[in-house]
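The structure appears below as structure tokens.
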Amino acid sequence: MKTYSGKSVFGGIAIGKISVYQKKEQMIKRVKITDADAEVERYNAARKEAILQLQGLYDKALKEVGEANAAIFEVHQMMLEDDDYNESVENIVRNQEVNAEYAVATTGDNFAQMFASMDDDYMRERAADVKDISERLITVLSGNADHSVGSKEPVIIVADDLAPSETVQLDKDMVLSFVTVHGSLNSHTAILARTMAIPALIGTPLPLDDTVNGRLGIVDGTNGVIYVDPDEETLAKMQKKQEEEAEKKRLLQTLKGRENVTLDGQKVMLYANIGNIKDLATVIQNDAGGIGLFRSEFIYLENDHYPTEEEQFTIYKQVAETMAGKRVIIRTLDIGADKQCDYFNMEHEENPALGYRAIRICLTRPEVFKTQLRALFRASAFGKIAIMYPMITSMKEIKRIQEMVALVKAELDVEGIEHGDPEQGIMIETPAAAIISDELAKEVDFFSIGTNDLTQYTLAIDRQNTKLDEFYDAHHPAILRMISMVVENAHKAGIWAGICGELGADQSLTQEFLAMGVDELSVSPGSILPIRKIVLETNVEEYKAGK
Ligand code: PEP
Ligand code: MG
């Protein structure tokens with residue numbers, strides 16, 4: 001048995017087979033070869049294997065997401081039959097007498113650059129597809145496993161690190177737990193693990209080789225440990241712990257249907273954070289009062305093209321209808337920083353967290369913003385949708401948003417398209433927004449405090465940088481005072497204020513938040529019932545008196 005320790009992202013016990021996830025980026029070596037015919041043959045065999053893999057993905061996607069979304073895998077299959085691409089690979093192998101991996105990587109780069117420089121939007125987007133098929137070919141050529149989980153049984157995923165775009169591609173039903181060597185507690189992969197309510201660890205120094213891959217593993221998310229090849233005693237102990245946790249969960253389920261009200265009658269809304277329509281099942285299971293943060297950028301990250309108005313409308317409508325009249329707060333896209341989307345073709349930035357992201361993209365790329373707003377306004381006719389704007393720093397931005405909203409409404413009216421009139425709120429996640437929250441409150445319907453970014457920007461600590469975890473003090477008085485001030489300013493203007501950052505789920509602060517008068521906590525679905533338990537057992541006036 002080997003034991004490795006990491007930092008806990010989400011508690012609980014997972015027991016199952018470990019699958020080491022291969023990164024998409026691969027080091028390609030240029031190797032001289034002597035038999036070009038054999039190398040071309042090896043390339044053609046890899047191409048056939050890649051086409052077979054893509055057929056498998058097409059069949060799976062057809063069942064899960066329908067024909068339109070599955071079509072991309074057909075396109076990729078066709079690209080692998082493309083004469084220009086194949087001739088280029090063969091020429092490089094023969095003329096330079098080099099290995100097929102290198103020839104594919106070079107061809108992939110050349111073709112991707114050619115597509116990226118085209119005028120036509122559709123053709124430009126094909127650059128990402130060329131990269132994708134080239135990576136797949138290289139994976140097959142180098143004998144690495146497919147980078148999808150590709151397992152028939154649920155597994156513990158072990159990886160060096162996982163980007164949000166990689167995490168969204170995993171088949172969630174097949175994931176028991178995530179364990180990564182790198183990654184930070186506030187990364188979006190960590191947030192996703194919390195949303196999925198599965199045990200997860202980051203910063204776990206374990207080897208990504210056969211001493212781990214395929215072995216039996218136990219992840220103890222609560223204590224931040226993974227056991228590889230556990231001995232019988234550990235296995236028995238952990239199985240018992242797993243049963244005890246299941247029992248605790250069952251007990252919490254008895255709290256379903258109860259109102260979130262303290263012993264002295266203060267009410268609070270307990271909502272759920274989601275990133276995907278598939279999260280709705282856990283939202284309902286955990287009795288959320290609504291959705292406090294739907295990170296809509298995941299719709300963009302899951303796609304290889306700008307999601308159309310129709311595609312977005314279908315998703316938003318489905319969420320609104322499923323939540324059946326409960327409030328659904330959809331945040332407009334928050335792309336940028338660690339959430340990068342190839343087809344946005346963003347330039348490299350020295351400082352992406354302080355760069356071109358979120359509302360800054362929306363306000364400067366009105367075609368992207370308008371498409372999303374139209375879809376949101378249309379879907380709001382089918383339920384209680386509210387729109388929330390991220391990364392606000394100024395009144396000027398609010399005015400520009402209001403102008404765009406007015407334009408979208410007017411256009412829909414002229415076109416005779418049915419739409420609702422959703423509430424409009426903003427995230428308070430920059431110190432600037434917190435400080436001018438008295439003014440901002442007069443212009444919007446609600447505030448939702450994004451403590452992840454608010455902490456990053458207030459403490460000047462990159463939330464992605466795991467080296468800084470010891471300096472990242474989520475309970476820093478500056479943050480707590482800002483939350484209190486924002487809530488006060490909201491109430492003065494007659495609007496409500498909630499918290500949708502990860503701090504909202506910090507149970508050691510639930511009573512403090514109630515004392516501040518926070519109106520809503522939006523947390524990962526698995527945290528709703530434990531927080532309800534605290535709310536039901538709290539007397540806010542007594543808590544304040546005892547402070
Ligand atoms: C936040 O910053 O607290 C937040 C909720 O947004 P995200 O984590 O998606 O940046
Ligand atoms: Mg944020």
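The values are calculated or read from the model by the stated rules, or taken from the named source; none is laboratory data. Bear in mind that the values here come from a model prediction, so they are computed numbers and not experimental data. Reconstructed Cβ throughout: ideal geometry from the backbone, glycine too, with neighbour counts over all protein chains shown. In case anyone asks, the SASA skips ligands and DNA or RNA and just uses the protein heavy atoms, side chains included. Shrake-Rupley method; radii C 1.70, N 1.55, O 1.52, S 1.80 Å.
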- Taking the condition part of a helix (DSSP H, G or I) and either touching a helix residue (DSSP H, G or I) at 6+ places or on another chain (Cβ under 9 Å) or surrounded by fewer than 18 Cβ atoms within 10 Å (Cβ to Cβ) (or both), does Asp334 pass? no
- Only residues that are in a helix (DSSP H, G or I) and open to solvent by 20 Å² or more (accessible area, probe 1.4 Å): list them for the stretch 320-331, please. Glu321, Thr322
- Given the conditions (1) farther than 14 Å from Val268 by Cβ; (2) within 15 Å of ligand 1 (Cβ to nearest atom); (3) of a type in the set (Val, Ile, Thr), which single one is not true for Thr466? (2)
- Task: Answer yes or no as to whether Leu208 is surrounded by fewer than 18 Cβ atoms within 10 Å (Cβ to Cβ) and free of Cβ contacts under 8 Å to residues at least 40 places away in the same chain.
- Result: no
- Is one or more of the residues making up the stretch 332-351 at pLDDT 95 or above, more than 15 Å from ligand 2 (Cβ to nearest atom) and either over 21 Å from the mean Cα position of the chain (by Cα) or of a type outside the set (Val, Ile, Thr) (or both)? no
- Task: Being among the charged types (D, E, K, R), within 16 Å of ligand 1 (Cβ to nearest atom) and more than 30 Å from Leu251 (Cβ to Cβ) narrows it down to one of Asp506, Asp453, Asp445, so name that one.
- Result: Asp453
- By my count, helices (runs of 4 or more DSSP H) wholly in the stretch 217-308 with at least 1 residues that are touching a Phe, Trp or Tyr at 6+ places or on another chain (Cβ under 8 Å) and closer than 19 Å to Asp334 by Cβ are 297-302
- Message: Take the conditions away from ligand 2 (no atom under 16 Å from the Cβ) and assigned to a loop (DSSP other than H, G, I, E, B) and apply them to Lys317. Does it pass?
- Response: no
- Item | Pair list, Cβ under 6 Å, 6 or more apart: the stretch 88-117 residue farther than 20 Å from Asn345 by Cα and aliphatic (A, V, I, L, M), other residue open to solvent by 50 Å² or more (accessible area, probe 1.4 Å) and assigned to a helix (DSSP H, G or I) | Ala100/Arg42
- Reported set for the stretch 295-319 where residues are under 10 Å from the mean Cα position of the chain (by Cα) and buried (at least 20 other Cβ atoms within 10 Å of the Cβ) is Arg295, Ser296, Glu297, Phe298, Ile299, Leu301
- Within the set of pairs 6+ apart or on separate chains, which have a first residue in the stretch 230-242 that is under 11 Å from Ile218 (Cβ atoms), a second that is open to solvent by 100 Å² or more (accessible area, probe 1.4 Å) and part of a loop (DSSP other than H, G, I, E, B), and C-beta atoms under 6 Å apart? Pro230/Met1; Asp231/Met1
- Query: Assuming Phe369 fulfils every condition listed in (1) over 27 Å from Tyr271 (Cα atoms); (2) more than 16 Å from ligand 1 (Cβ to nearest atom); (3) among the aromatic types (Phe, Trp, Tyr) apart from one, which condition is it?
  - Reply: (1)
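Table: residues versus (1) of a type in the set (Asp, Glu); (2) within 11 Å of Met391 (Cβ to Cβ); (3) within 14 Å of ligand 1 (Cβ to nearest atom); (4) touching a strand residue (DSSP E or B) at 6+ places or on another chain (Cβ under 6 Å).
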position	(1), (2), (3), (4)
Glu321	yes, no, no, no
Ile335	no, yes, yes, no
Tyr343	no, no, no, no
Ile359	no, yes, yes, yes
- Task: Of the conditions (1) surrounded by fewer than 23 Cβ atoms within 10 Å (Cβ to Cβ); (2) part of a loop (DSSP other than H, G, I, E, B); (3) under 28 Å from the mean Cα position of the chain (by Cα), Ile198 clears all except one; give me its number.
- Result: (1)
- Message: Restricting to the stretch 372-394, and then to whatever is surrounded by fewer than 20 Cβ atoms within 10 Å (Cβ to Cβ), away from ligand 2 (no atom under 16 Å from the Cβ) and not charged (D, E, K, R), can you tell me which residue is nearest to Ala497 (Cα to Cα)?
- Response: Ser394
